[in-house]
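Student: If you scroll down you'll find the structure; I have some questions about it.
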Amino acid sequence: METSAWAPLQDKVFRGLWIGVLASNAGTWMQTVGASWRLVHEPDAATYVSLVQTATMLPVLLLALPSGTLADTFDRRRLLLGVQLGLFAVAAALTALTAADRMPPALLLVFTFLLGVGQALTLPTWQAVIPEVVPRDELAAASALGAVNTNLARSAGPAVAGLIVAHAGVPVVFGLNAVSFAVFAAALIRWRRPPQGGTTHAERFGPALRAGGRYVRYSPVVRRTLLRVLLFVLPGSVVWGLLPLVADRELGMGPSGYGVLLAALGVGAILGALLMPRIRERVPPNRLLILSGTVYAAALLIVALVPYAMAVVPALVVAGLAWMAQVSRMNASMQLFLPNWVRARGFAVYQVVFAGGQAFGAFAWGQVTQAWGLRAAYLAAAAFMVLGTATVRWLPLREQTGDRSPAAYWPEPHLMLEPHLDEGPVLVTATWRVKPENRAAFVAAMQAVRRSRQRTGATRWGLFRNGEHAGDFVEVYLVPTWEEHLRQHEGRLTTSDEREEEHAVALAEGPATVTHLLPAHSPVPPPHRHPRTD
């Protein structure tokens, strides 16, 4: 049974943080408008204005994965709070210097880049925080509210900034952006994050970064979700990238008309949030992807072929609804699948794919427009949207309904002498004895175990038959360091991993006999053998 679209907002913690994020997002869009307007009358204005977008988006592409790693290795509340306070200081300095007329274009771009760095640190951390404050059955609704948040900010921020620039000036816009960070910081101060369970020592940055990349590499669910995001965002970005040209060239609506078109997209997103609970009850996830992709393509065709505002505005409302349906579905899939220990890193990769797809798509459609015209760009994007949507049949979104809560079900390894945490690589072998009638099923079951080992730390894995004893299977996997293997024991495994391993154990004659092999130069005595499912 689906929960209400607004159910997460009944929780005062989530409500406060959501409002804080809304203020921060709106302030960021206001900052972009203010910075662009500040540069409009400079020599080489076209170059400077385009660099505002570059300075805003480039940090997300460069720093999303490192920032996700920080969010998984440090207290997320404190990290978010520190970033918002830092952004407040940067925005306040920008406001003061602009008001004093001491803001040359190059320095403005530097400040814009610094604000972009703060946003790159905020995005994956906020996504990782949501499951901490929202029950699992409300995650889909929370994801939809996240899309509403983004679209409200994208619609209202530029419109408000335009009015303020016209009546009060650019410094006031920059000042309100600083206030928006203070609002988010205040919400974080009020939130008392419960103590988080985990390992006894913090994960180091370098190994944590590699572990995040390895998790995505060996997670078919995550990889498929990222592929579906890319197939939708690449053609879908034509709307966001070329909408100013539609307002100006096709509809003759001017800057105020551009605000109306953005508002139409935002209204569609809000309607989508209201309708999504009922839609999810009646439409399976992959059918929803097909339906929303087809609707979005139809909206692109209307924008391309009907140069009348009375047709384009409703089409953009529908496009906003379809965009929200796709994005919230992908976001919810990630929220439900990623375990807590790697959630921010997983969302960082998601953010890179999403932002990179938008940036590359907007650039590509701009080049198509330059060569063949605006209508051709929208028609081509609609065709690619249809093709991408058709691939759902062969590349469906993989749903994961298993329990992703931590499960430390491996017993502590007992060695003759404890190796140093940096000792490695560690070769772990597990010998399983299997009856003839279960061998085929056992081999099949071990493929799920393989993925579990690789997601949580193993760089190599293999399953071998013992030539001298036909009933013995030897599982072998390599872990970079002893610390990485201990983290497998201490919290990287989930209840789903435990159930998959229990299935393999049920097909064998009891738990495996495990050996830990360390490098020959290690001072550790010969490895100790003990039975367990490692």
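The values are calculated or read from the model by the stated rules, or taken from the named source; none is laboratory data. Not measured: the values here are computed from a predicted model. Here Cβ is always computed from backbone atoms with ideal geometry, including for glycine, and neighbour counts include all displayed protein chains.
Student: If you scan segment 399-444, which residues turn out to be closer than 20 Å to Glu498 by Cα, in a loop (DSSP other than H, G, I, E, B) and among the aliphatic types (A, V, I, L, M)?
Tutor: Result: Ala407, Ala408, Val434.
Student: May I ask you to verify whether Arg228 is in contact (Cβ under 8 Å) with a residue 60 or more places away in the chain, assigned by TED's automatic domain parsing to the domain that holds Leu338, within 23 Å of the chain's Cα centre (by Cα) and surrounded by fewer than 21 Cβ atoms within 10 Å (Cβ to Cβ)? Walk me through how you get there before you give the answer.
Tutor: Working: in contact (Cβ under 8 Å) with a residue 60 or more places away in the chain: yes; assigned by TED's automatic domain parsing to the domain that holds Leu338: yes; within 23 Å of the chain's Cα centre (by Cα): yes; surrounded by fewer than 21 Cβ atoms within 10 Å (Cβ to Cβ): no.
The answer is no for Arg228.
Student: Among the basic types (Lys, Arg), under 30 Å from Ala325 (Cα atoms) and touching a helix residue (DSSP H, G or I) at 6+ places or on another chain (Cβ under 9 Å): does that describe Arg102?
Tutor: Answer is no for this residue.
Student: In addition: Among the candidates Thr112, Thr98, single out the residue that is buried (at least 18 other Cβ atoms within 10 Å of the Cβ), more than 24 Å from Gln351 (Cα to Cα) and out of contact with any Asp or Glu (no Cβ under 9 Å at 6 or more places or on another chain).
Tutor: The conditions single out Thr98.
Student: Now, a different point. Provide a single number: the residues in segment 115-144 that are of a type in the set (Ser, Thr, Tyr) and in a loop (DSSP other than H, G, I, E, B).
Tutor: 0
Student: Tally the residues that are over 30 Å from Ala304 (Cβ atoms), modelled with pLDDT of 80 or more and crowded, with 17+ Cβ neighbours inside 10 Å, restricting the search to segment 385-412.
Tutor: Total meeting the criteria: 3.
Student: Could you please tell me which pairs satisfy a Cβ distance under 8 Å, a separation of 6+ or placement on different chains, a first residue in segment 379-394 that is in contact (Cβ under 8 Å) with a residue 40 or more places away in the chain, and a second residue that is among the polar types (S, T, N, Q)?
Tutor: As it stands, the answer is Val386/Thr294; Thr389/Thr294; Val392/Asn286, since those pairs meet every condition given.
Student: Is it true that some residue in segment 182-205 is modelled with pLDDT under 80, in a helix (DSSP H, G or I) and surrounded by 14 or more Cβ atoms within 10 Å (Cβ to Cβ)?
Tutor: no
Student: Taking interchain pairs and intrachain pairs at least six residues apart, which have beta carbon atoms under 8 angstrom, with the first residue in segment 35-48 and farther than 17 Å from Ala91 by Cβ and surrounded by fewer than 13 Cβ atoms within 10 Å (Cβ to Cβ) and the second at pLDDT below 70 and among the aliphatic types (A, V, I, L, M)?
Tutor: Filtered contacts from segment 35-48: Val40/Val49.
Student: Of these, Ala355, Ala344, which one is farther than 20 Å from Ile270 by Cβ, in contact with a Pro (Cβ under 7 Å, 6 or more places away or on another chain) and in contact (Cβ under 8 Å) with a residue 24 or more places away in the chain?
Tutor: Answer to the check: Ala344.
Student: Any chance you could count how many residues in segment 291-325 are crowded, with 24+ Cβ neighbours inside 10 Å and under 24 Å from the mean Cα position of the chain (by Cα)?
Tutor: Residues flagged as crowded, with 24+ Cβ neighbours inside 10 Å and under 24 Å from the mean Cα position of the chain (by Cα) within segment 291-325 amount to 10.
Student: Here's another thing I want to ask about it. Do the conditions hold for Val342, that is, is it part of a helix (DSSP H, G or I), farther than 30 Å from Gly241 by Cβ and out of contact with any strand residue (DSSP E or B) (no Cβ under 8 Å at 6 or more places or on another chain)? Give the steps one after another, and end with the answer.
Tutor: Values: part of a helix (DSSP H, G or I): yes; farther than 30 Å from Gly241 by Cβ: yes; out of contact with any strand residue (DSSP E or B) (no Cβ under 8 Å at 6 or more places or on another chain): yes.
The answer is yes for Val342.
Student: Right, next: For segment 432-449, indicate whether the set of residues that are crowded, with 18+ Cβ neighbours inside 10 Å, assigned by TED's automatic domain parsing to the domain that holds Gly510, over 26 Å from Gly346 (Cα atoms) and in contact with a Ser or Thr (Cβ under 9 Å, 6 or more places away or on another chain) is non-empty.
Tutor: yes
Student: Output the qualifying pairs, or none if there are none: Cβ atoms under 6 angstrom, residues six or more apart or on different chains, first residue in segment 471-498 and part of a strand (DSSP E or B), second residue aromatic (Phe, Trp, Tyr).
Tutor: Partner pairs satisfying both residue conditions: Phe473/Trp432; Val474/Phe464; Tyr477/Trp461.
Student: Further, regarding this structure: From the list Gly146, Gly162, which residue is buried (at least 23 other Cβ atoms within 10 Å of the Cβ), out of contact with any strand residue (DSSP E or B) (no Cβ under 9 Å at 6 or more places or on another chain) and either modelled with pLDDT under 85 or assigned by TED's automatic domain parsing to the domain that holds Ala448 (or both)? Walk me through how you get there before you give the answer.
Tutor: Values: Gly162 fails: buried (at least 23 other Cβ atoms within 10 Å of the Cβ).
Sole residue among the options that is buried (at least 23 other Cβ atoms within 10 Å of the Cβ), out of contact with any strand residue (DSSP E or B) (no Cβ under 9 Å at 6 or more places or on another chain) and either modelled with pLDDT under 85 or assigned by TED's automatic domain parsing to the domain that holds Ala448 (or both): Gly146.
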